[in-house]
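Visitor: Right, I'll just put the structure down here and ask away after.
The values are calculated or read from the model by the stated rules, or taken from the named source; none is laboratory data. A quick note: this is a predicted structure, and the numbers were derived from the prediction, not measured. Neighbour counts are summed over all protein chains in view; Cβ atoms, including those assigned to glycine, are modelled from backbone coordinates with ideal geometry. Only protein heavy atoms, including side chains, enter the accessible area calculation; ligands, DNA and RNA are left aside. Shrake-Rupley method; radii C 1.70, N 1.55, O 1.52, S 1.80 Å.
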Amino acid sequence: MVEHVAVLGATGSIGESTLDLIGQHPERFQATVLTAHRQVDKMVGLAQRFLPKVIVMTDGAAAQQLRDQLRQSSWAKTIEVLSGPEALVEAATAPSISMVVAGIVGAAGLPSAIAAAAAGKKILLANKEALVMAGSLFVNAAKKGQAIILPIDSEHNAIFQCLGTDYRCFKRPHGVTRLLLTASGGPFRRWDMQAIRHATVGQAIAHPNWTMGRKISVDSATMMNKGLELIEAHWLFDMPETLIDIVVHPQSVVHSMVEFADGSTLAQMGSPDMRTPIACAMRWPERMPSSVAMLDWRSVRTLEFEPPDEDRFPSLALARQTLRVGGASSAILNAANEVAVEAFLAERMAFGGIFEVVEQTLSSLSHRWAAPESLEALLALDAESRAAATAFCTQRAL
Ligand code: NAD
Ligand code: MG
């Protein structure tokens with residue numbers, strides 16, 4: 001039977017890996033819905049290759065441009081082009097869709113991911129920001145909707161694989177004593193604090209092992225990515241922050257580990273290629289070929305592990321702090337980080353400003369740390385945090 005897939009964020013790095021796998025297995029998967037924000041030319045190419053039923057461009061002008069371009073092609077007659085965030089939610093929850101790949105970057109991916117969860121879809125979750133922001137709101141929506149959440153963030157997918165049939169969405173796995181999230185350490189692993197503060201955009205997005213979108217690449221350089229992943233792991237596996245360790249592992253071969261009560265530590269290894277975790281989740285509990293190069297033990301001669309340096313990378317402590325105080329603080333952290341990363345990428349602020357803006361926004365909104373009761377309240381808090389973070393970025397403008 002062909003599975004109908006909605007690829008949210010189809011033009012991005014996760015979207016590209018997912019569509020590569022769908023292209024390799026057309027007898028099993030059909031890309032029925034494709035969504036993107038603005039990249040019209042890239043979407044035209046994807047439309048021609050995958051012939052989806054529906055395309056959503058969240059940006060209205062981009063949607064109109066796409067309609068104009070597709071009108072000239074006979075193969076595009078059956079494709080419907082929709083626009084706006086509401087259309088994104090509708091497409092992610094359409095009855096014909098059974099699998100949703102949540103590959104939008106940042107908070108923009110939350111409404112569609114949470115709607116898909118409430119609608120009981122099988123969700124391949126890459127968009128960690130959705131879970132970081134919404135926490136228990138997301139978990140409760142998924143539980144109520146009986147959604148299946150399969151993590152495709154490589155670390156969480158590694159843990160999911162180590163758990164095997166014991167994995168239950170949002171339930172602490174039996175016999176597990178600790179989760180060990182591995183981190184490459186990013187491009188600045190060996191840099192001193194002063195050099196890190198003044199790193200350029202080019203240096204920050206040059207990840208040593210993975211090719212990814214710009215935002216997550218900067219998050220890897222600040223190690224906020226690992227902070228967000230710590231929060232993601234807390235919710236996905238129902239583990240307290242004290243039982244989740246971060247381990248710097250520069251080779252990115254071990255994608256994470258799980259420690260069990262009997263003294264076993266299981267690790268999942270593989271080449272650093274997102275098609276492995278995505279393929280694993282797409283066919284779970286079965287396995288399918290992904291075309292990813294097998295790990296060659298002849299070239300992987302050493303595996304190194306070291307503790308993270310929380311002085312040079314304060315994001316880790318900030319993320320832990322939000323889990324300790326709970327409530328909405330992770331949402332504030334996420335919003336501030338998105339704004340700060342955007343300011344850095346636009347060369348409006350120095351790299352070191354990212355840590356300061358996140359910390360300052362979190363403490364300035366400490367009176368707003370109580371858990372929001374609805375998605376609307378959460379989105380209002382997100383907007384308020386963004387406004388505060390924007391002002392702090394402006395104070396640090398270059
Ligand atoms: P990307 O920048 O390459 O792609 C982002 C996608 O989201 C694009 O299709 C873009 O059109 C869409 N998008 C951007 N803004 C939008 C908006 N306002 N509304 C609707 N759509 C919007 O990002 P990526 O690297 O593919 O990352 C996507 C998500 O997956 C992130 O949450 C990231 O943390 C997570 N993730 C990525 C990787 C990776 O290897 N790239 C690994 C693990 C987790
Ligand atoms: Mg990851």
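Visitor: Quick check for you: with a 1.4 Å probe and neighbouring chains kept, what is the accessible area per residue of the chain, in Å²?
Guide: Working: 16830 Å² over 398 residues.
The answer is 42 Å² per residue.
Visitor: Convert each backbone phi in the range 30-37 into a coupling constant with the Karplus relation 6.51 cos²θ - 1.76 cosθ + 1.60 (shift: θ = phi - 60°), then list the ³J(HN,Hα) values in order as whole Hz, x for Gly and Pro.
Guide: Rounded to whole hertz, the list is 10, 7, 7, 10, 10, 9, 7, 8.
Visitor: Could you list which residues have their amide H under 5 Å from that of Arg178, counting only those 5 or more apart in sequence or on another chain, with H placed in the peptide plane?
Guide: Glu259
Visitor: Separate question: When the accessible area of the range 155-288 is computed with all protein chains present and a 1.4 Å probe, what percentage of it is carbon and sulfur? Provide the component values of the computation, followed by the final result.
Guide: Working: 2760 of 5230 Å².
Heavy-atom surface of the range 155-288 belonging to carbon and sulfur, 1.4 Å probe: 53 percent.
Visitor: At a Förster distance of 22 Å, what's the computed FRET efficiency of Glu241 paired with Asn140, Cβ-Cβ distance as r, to 0.05? Please list the in-between numbers first.
Guide: On the way: r = 20 Å, r/R0 = 0.91.
Given R0 = 22 Å and the Cβ-Cβ separation, E is 0.65.
Visitor: Working out 0.36 nm times the residue gap between Gln395 and Arg178, then minus their Cα-Cα distance, what length gain in nm do you get to one decimal?
Guide: Details: separation 217, 0.36 × 217 = 78.12 nm, distance 4.09 nm.
In short, 74.0 nm is gained.
Visitor: Quickly work out the Glu384-to-Ala370 label distance, labels modelled 7 Å from Cα along the C-beta direction, and quote it in nm with one decimal.
Guide: 1.0
Visitor: Would you work out the relative contact order for the chain, in percent, from Cα pairs under 8 angstrom that are 6 or more residues apart?
Guide: Details: 754 pairs, mean separation 54.6, N = 398.
About 14 percent, as a whole number.
Visitor: Using a 1.4 Å probe on the protein chains only, how many percent of the accessible area of the range 310-356 belongs to carbon and sulfur? Spell out each step's value before the answer.
Guide: Working: 640 of 1420 Å².
Taking all protein chains in place, the range 310-356 shows 45 percent carbon and sulfur surface.
Visitor: Work out how much length Arg214 to Ser98 would gain on full extension: take 0.36 nm times their residue separation and subtract the Cα-Cα distance, in nm to one decimal.
Guide: Values: separation 116, 0.36 × 116 = 41.76 nm, distance 2.94 nm.
Gain in length upon complete extension: 38.8 nm.
Visitor: Separation between the Gln194 and Leu345 pseudo-spin-labels, each 7 Å from Cα along Cα→Cβ, expressed in nm?
Guide: 3.1
Visitor: With N set to the number of residues, divide the alpha-carbon radius of gyration of the range 155-281 by 2.2 N^0.38 Å and report two decimals. Please report the intermediate quantities before stating the final value.
Guide: Details: Rg = 15.2 Å, N = 127, 2.2 N^0.38 = 13.9 Å.
For the range 155-281, the normalised Cα radius of gyration comes out at 1.10.
Visitor: Further question: Once fully extended, how much extra length lies between Asp41 and Ser299, figured as 0.36 nm per residue of separation less the alpha-carbon to alpha-carbon distance? Show your work: numbers first, answer last.
Guide: On the way: separation 258, 0.36 × 258 = 92.88 nm, distance 3.88 nm.
Difference between extended and current length: 89.0 nm.
Visitor: When the Cα centres of the range 303-342 and the range 164-181 are compared, how far apart do they sit, in Å?
Guide: Here the answer is 22 Å between Cα centres.
Visitor: Run the accessible area of the range 1-128 with a 1.4 Å probe and give the carbon-and-sulfur part as a rounded percent. Walk me through the numbers on the way to the answer.
Guide: Values: 2830 of 5220 Å².
Reported share for carbon and sulfur atoms: 54 percent.
Visitor: Explain nothing, just compute: Karplus ³J(HN,Hα) = 6.51 cos²θ - 1.76 cosθ + 1.60, θ = phi - 60°, for every residue of the range 224-229 in order, whole Hz, x for Gly and Pro.
Guide: Whole-Hz 3J(HN,Hα) from phi for the range 224-229: 5, 4, 6, x, 5, 5.
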